[in-house]
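Structure first, commentary second.
The values are calculated or read from the model by the stated rules, or taken from the named source; none is laboratory data. What you are looking at is a predicted structure, and each value in this text was computed from that prediction instead of being measured. Cβ coordinates were reconstructed from backbone atoms using ideal geometry, including for glycine residues, and neighbour counts include every protein chain displayed.
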Amino acid sequence: MLSDSEKHLKIMGTQINYYFICKTKLWLFSHHIQMEQESELVSMGKMLHEDSYKRDKKDQTIDNLISFDFVRKGDLLEIHEVKKSRKMSKAHQYQLLYYLYYLKKEKGIADAVGIIDYPKIRRRETFKLDDRNEIEIENIVKRIGNILSDQMPVPEKRPACRQCAYYELCFV
């Protein structure tokens, strides 16, 4: 049986994000069915990422599980995620909180903040991991484990589905 720590090592930031967007997308992605490489929206997001914050070293990856858009070091370590819109802000927030959780629990780095940058609207949101967030993240990780160990969830049609890379797989 895996310890809680070992279970955390297997969850990626993208999976936390997809948990809030769509359980079916989470399941498909986690079972190595990846459609994003063909998505025009994903391509646009990558271009925004590449064109923004050019002075910062981008795509910092830890343990092949979590990948920050960029990191800045000052009084506190700043973990940055660049997003193109606030439409999925809850998913963005929890992905970033998971990164902070991972750094604290797996790497012993507690002095960090997470920042979501929305360059198109010139907005920035800052998050700090607290005890309540830690408990939420632990519960989300457990729920993700339950979803992944079961059969694929039945797709639920939502407005965002039309633009999803998995749309045809779910609804055609």
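Structure notes:
- Selection status of Ser52, at pLDDT below 65, of a type in the set (Ser, Thr, Tyr), surrounded by fewer than 18 Cβ atoms within 10 Å (Cβ to Cβ) and under 30 Å from Pro159 (Cα atoms): no
- Criterion applied to Val113, Val82 was being of a type in the set (A, V, I, L, M), surrounded by 12 or more Cβ atoms within 10 Å (Cβ to Cβ), touching an Asp or Glu at 6+ places or on another chain (Cβ under 7 Å) and at pLDDT below 95, and the one residue passing it is Val82.
- Qualifying residue in the range 151-169 (condition: among the hydroxyl-bearing types (Ser, Thr, Tyr), in contact with a strand residue (DSSP E or B) (Cβ under 8 Å, 6 or more places away or on another chain) and surrounded by 10 or more Cβ atoms within 10 Å (Cβ to Cβ)): no
- Contacts under 6 angstrom Cβ, first residue in the range 147-172 being under 20 Å from Met88 (Cβ atoms), partner among the basic types (Lys, Arg), 6 or more apart: Ile147/Lys23; Pro153/Lys23; Tyr166/Lys25
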